[in-house]
Amino acid sequence: MNKTEAAQFLGIGVRSLERRMAEKKIAFTRQRVKGGETVVFNQSELDYFKQELYQPTHESAVEVRQGSPSNSSGMVTNSQIMSEIGESLLILSEGTQAMLLAIRGLANPAVPLHVKPLLTIGEAQKFSGLSRQYLVAAIKEERLNGEKIGRAWRVKRRDLNRFISKLF
């Protein structure tokens, strides 16, 4: 039986068959033919592999631990399983919260206003207590030094302090 016939017999593709041949999961022999070399499969080997291929596998959904269970029958109870699931969820929850806090810290680092040399109009508004319109008007009237960087105004903290001190 050649590769194509063997793949059809097993119900898999030729590439899957070749992969299993490379993994040495299927026995085959090579025979010389007129045009070169061909692969031949033994029918009994293919029958055995087909049984193994379509053998249902069942895995336990719950891991049963060896040791001394709390009850004398050696069985793990639903309450024990639920308790372990609850503990696992708590650990996951704490880890998730820590990760979210770290991400928020990276996305929006909290830099105090008194440390920043350049302030946006919104920050200058918070720092001074003056309205946004008043600050923009002062910049346009050149009573307050400011620079438009991109689409937003920036004010030096030192210049804002001077401007505030001159108000009264």
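The values are calculated or read from the model by the stated rules, or taken from the named source; none is laboratory data. Since the model is a prediction, treat every value here as computed from it, not as a measurement. Positions of Cβ are backbone-derived with ideal geometry, glycine not excepted, and every protein chain shown enters the neighbour counts.
Structural remarks
- Strands (runs of 3 or more DSSP E) within the stretch 64-168 that include 1 or more residues at pLDDT 75 or above and touching a helix residue (DSSP H, G or I) at 6+ places or on another chain (Cβ under 6 Å): 118-120, 152-156
- Single residue of Leu160, Leu144, Leu100, Leu130 found to be among the hydrophobic types (A, V, I, L, M, F, W, C) and within 38 Å of the chain's Cα centre (by Cα): Leu100
- Every residue from the stretch 112-129 that is touching a residue at least 24 places away in the same chain (Cβ under 8 Å) and among the hydrophobic types (A, V, I, L, M, F, W, C): Leu113, Leu118, Leu119, Ile121, Ala124, Phe127
- The stretch 1-57, residues that are part of a loop (DSSP other than H, G, I, E, B) and of a type in the set (A, V, I, L, M): Met1, Ile12, Ile26, Ala27
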